[in-house]
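I have placed the structure first, in the form of structure tokens, so that the comments after it can refer back to it.
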């Protein structure tokens, strides 16, 4: 359907005159007449009774005008919403993040971004970095936080957000609170609250303990970070986390886990994929802010 012809038809119907409509549209009258005739031919109906001095809508013309008004109104609304998205007036940033980064790092970053873009909203889901990588590769999400040095790193466009030490987190009154490091062998039989299997930090812990022949006493396993934090503070056990957890949580001290390499976390999208304007804007903005 040619919306321009519908606009011309709308103007002729409103003016009750081909010549007045032409003036309003800044067109020559013959061009208006030709446009109406072509519209009638495409629809297979007569829109105006031309036997009178002034053209008058036929019954079919009235029905078409009602539909044309609605179509043109919807087209204008679509144009305005598209313009808004192009200018990042509205839209939603959607990303997946590990819980520690979502808790201790992303809030300040998101707060500043959303203040700079007041028409945007954000939706953040939680998953481990390995799961997020699979979600990106399977196009389940457009944007997520991953291990920047994983086996799939080459498949992503990345912006490094933080490089964090892997630490043993203990309560501030724990005997290990003033230690320089904790070895995996020392975790043998130690009460621990830890992430469930499948999380990257847990995989580091399991690997190092296996190599050292140690077997921690896992008192509780959960991917619910506030629960782990509360249990560490209450002395139920120690946990393994990122340095940012110890820095941000009062009454928790982080001691480096010997043999664990720092974890580099990056905001990533699948290489070669076109993502939403809101998500791409956040990726570009983060790259600029974190230079």
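The values are calculated or read from the model by the stated rules, or taken from the named source; none is laboratory data. The structure presented is a predicted model; accordingly, all values stated were derived computationally and were not measured. We place every Cβ from the backbone using ideal geometry, glycine too, and count neighbours over all the protein chains shown.
The criterion of at least 3 residues that are more than 30 Å from residue 131 (Cβ to Cβ) and not assigned by TED's automatic domain parsing to the domain that holds residue 228 is met by the following helices (runs of 4 or more DSSP H) wholly inside the stretch 1-115: 3-15, 18-25, 29-43, 59-86.
Taking the criterion of being assigned to a helix (DSSP H, G or I), buried (at least 19 other Cβ atoms within 10 Å of the Cβ) and under 25 Å from the mean Cα position of the chain (by Cα), would at least one residue in the stretch 256-269 satisfy it? The answer is no; no qualifying residue exists. Summed over the stretch 224-255, residues that are surrounded by fewer than 16 Cβ atoms within 10 Å (Cβ to Cβ) and part of a loop (DSSP other than H, G, I, E, B) total 5. Residues of the stretch 196-218 that are without any contact (Cβ under 8 Å) to a residue 40 or more places away in the chain and part of a loop (DSSP other than H, G, I, E, B): 196, 197, 213, 214, 215, 216. Do we find that residue 208 is within 18 Å of the chain's Cα centre (by Cα) and either closer than 26 Å to residue 232 by Cα or not assigned by TED's automatic domain parsing to the domain that holds residue 238 (or both) in this structure? Against the criterion (within 18 Å of the chain's Cα centre (by Cα) and either closer than 26 Å to residue 232 by Cα or not assigned by TED's automatic domain parsing to the domain that holds residue 238 (or both)), residue 208 does not qualify.
Out of 51, 42, one residue alone is loosely packed, with under 13 Cβ neighbours inside 10 Å, more than 36 Å from the chain's Cα centre (by Cα) and modelled with pLDDT under 90. It is 51.
Residues in the stretch 142-157 that are under 20 Å from the mean Cα position of the chain (by Cα) and surrounded by fewer than 20 Cβ atoms within 10 Å (Cβ to Cβ): 153, 155, 157. In the set 182, 168, 160, 190, only one residue is within 35 Å of the chain's Cα centre (by Cα), more than 27 Å from residue 287 (Cβ to Cβ) and in contact (Cβ under 8 Å) with a residue 12 or more places away in the chain; that residue is 168.
Sort out which residues of the stretch 152-178 are out of contact with any helix residue (DSSP H, G or I) (no Cβ under 9 Å at 6 or more places or on another chain) and in a loop (DSSP other than H, G, I, E, B), and write them in order of number. Once the filter is applied, which keeps residues that are out of contact with any helix residue (DSSP H, G or I) (no Cβ under 9 Å at 6 or more places or on another chain) and in a loop (DSSP other than H, G, I, E, B), the stretch 152-178 yields 173, 175, 177, 178. Looking at 281, 287, just one residue is in contact (Cβ under 8 Å) with a residue 60 or more places away in the chain and surrounded by 17 or more Cβ atoms within 10 Å (Cβ to Cβ), and that residue is 281.
Residues of the stretch 187-218 that are modelled with pLDDT under 95, loosely packed, with under 14 Cβ neighbours inside 10 Å and on the phi < 0 side of the Ramachandran plot: 196, 197.
With respect to the stated conditions, residue 65 is modelled with pLDDT of 90 or more and surrounded by 15 or more Cβ atoms within 10 Å (Cβ to Cβ).
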